[in-house]
Amino acid sequence: MTTVEQSKIYNTLLRTVSPQSFARLVDEMERVDLPVRYVLVEDGVAPKYIYFIESGLGSVVATSSDGESIEVGHVGREGASGMHIMLAVPATPGRTFMQVSGSGIRVPIGVFTDAVASDAETRDFFLRYVHTTVLQLAHSALANARYSMQERLARWILMCHDRLDGDDLPVTHEFLSLMLGVRRSGVTDQLHILEGRHAVRSTRGNLRVLSRQKLLDIAGGCYGVPEREYEKVLGLPLRMK
């Protein structure tokens with residue numbers, strides 16, 4: 001990729017990392033399109049690249065030994081795929097793939113691992129990001145165990161809203177059912193309730209956020225702790241205004 005100013009990057013991690021750390025990566029950065037279903041991390045396969053998403057939305061999906069799947073996390077312009085590399089794990093169970101098409105910057109794994117191995121500041125920065133992803137996973141487990149489907153749905157919509165531009169979220173009922181681990185009909189019923197409260201408007205293949213505040217009120221304590229921690233440890237709000 002032609003050398004680009006750090007301020008022209010739309011991925012929050014690459015915009016926030018120190019200039020010295022950015023310089024270690026910039027020469028090997030490559031901008032790429034990320035279509036729907038594009039695989040960022042394959043189950044049990046060591047990735048060739050770290051993907052820093054600039055637009056679109058990736059799903060981190062866990063799959064059981066008998067084939068049951070559920071989404072356990074999101075990654076968008078606030079983050080990057082393949083961060084198990086930071087924990088000295090070359091390959092991991094589960095997949096990460098694009099649920100909403102977009103674009104991003106990829107960096108070869110070897111370049112990235114050399115950068116974090118040779119500089120403590122770079123390593124510590126990306127480990128702080130790993131901390132936020134672990135916290136997101138923990139609160140997804142908390143939400144699934146202790147909160148209603150309506151509260152969980154509001155949380156997931158807010159998480160999508162954090163990572164996508166504008167108020168129109170190009171997500172399907174099938175995607176939402178995967179995120180929540182419930183039947184599509186259950187998602188449809190809960191969306192009708194949110195529409196009745198004038199929080200969202202759902203059309204085929206699109207969900208429009210009408211009132212973020214109403215979604216926050218519905219989600220309650222189900223949403224917010226990982227988002228505040230992201231801002232605390234990385235220095236920027238997760239949702240870019």
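Taken together, the values in this text are just the output of simple stated rules run on the coordinates, not laboratory data. As the structure is a prediction and not an experimental result, all values here were calculated from the model. Heads up, the Cβs are rebuilt from the backbone with ideal geometry, glycines too, and the neighbour counts pull from every protein chain shown.
Details
- For Tyr49, nonlocal amide neighbours, meaning residues 5 or more places apart or on other chains whose placed amide H falls under 5 Å from its own, are Ile109.
- Sequence-distant residues sharing a close amide H with Glu54 (under 5 Å, placed H): Ser103, Gly104, Ile105
- Under 19 Å from a label point set 7 Å out along the Cα-to-Cβ vector of Gln20, the amide N atoms of the stretch 112-132 belong to 112-129.
- Of the GluC sites (Glu not before Pro) found in the stretch 143-218, none is in coil by DSSP with at most 15 other Cβ atoms within 10 Å of its Cβ.
- Using Cβ point charges alone (K and R +1, D and E -1), the dipole size of the chain about the Cα centre works out to roughly 620 debye.
- With the convex hull of the Cα atoms taken as the outline of the stretch 6-142, the averaged projected area works out to 7.9 nm².
- Residue exposure sequence - Arg184, Arg95, Arg163 - by fewest surrounding Cβ within 10 Å: Arg184, Arg95, Arg163
- Taking every alpha-carbon pair under 8 Å whose residues sit at least 6 apart, the chain reaches a relative contact order of 20 percent.
- Pairs of lysines in the chain (C-alpha under 30 Å apart; 8 or more residues apart or interchain): 6
- Options (1) 117; (2) 138; (3) 180 - which one matches volume of the Cα convex hull per residue in Å³ as calculated here: (1)
- Spin-label model distance (nm) - Gln213 vs Asp124, 7 Å beyond Cα toward Cβ: 4.0 nm
- Sites Asp33 and Ser65, calculated FRET efficiency, Cβ-Cβ separation with R0 30 Å, nearest 0.05: 0.35
- Estimated FRET transfer efficiency (Ile109, Thr188; beta-carbon r; R0 45 Å; 0.05): 0.65
- Relative to the longest principal axis of the Cα atoms of the chain, the long axis of helix 120-146 lies at roughly 20 degrees.
- Derived scalar couplings ³J(HN,Hα) [the stretch 184-200; Karplus, 6.51 cos²θ - 1.76 cosθ + 1.60; whole Hz; x for Gly, Pro]: 4, 4, x, 4, 4, 4, 5, 5, 4, 5, 5, 5, x, 8, 6, 8, 9
- Loop-located GluC sites (Glu not before Pro) in the stretch 67-140 (DSSP state not H, G, I, E or B) with no more than 13 neighbouring Cβ atoms inside 10 Å: Glu68.
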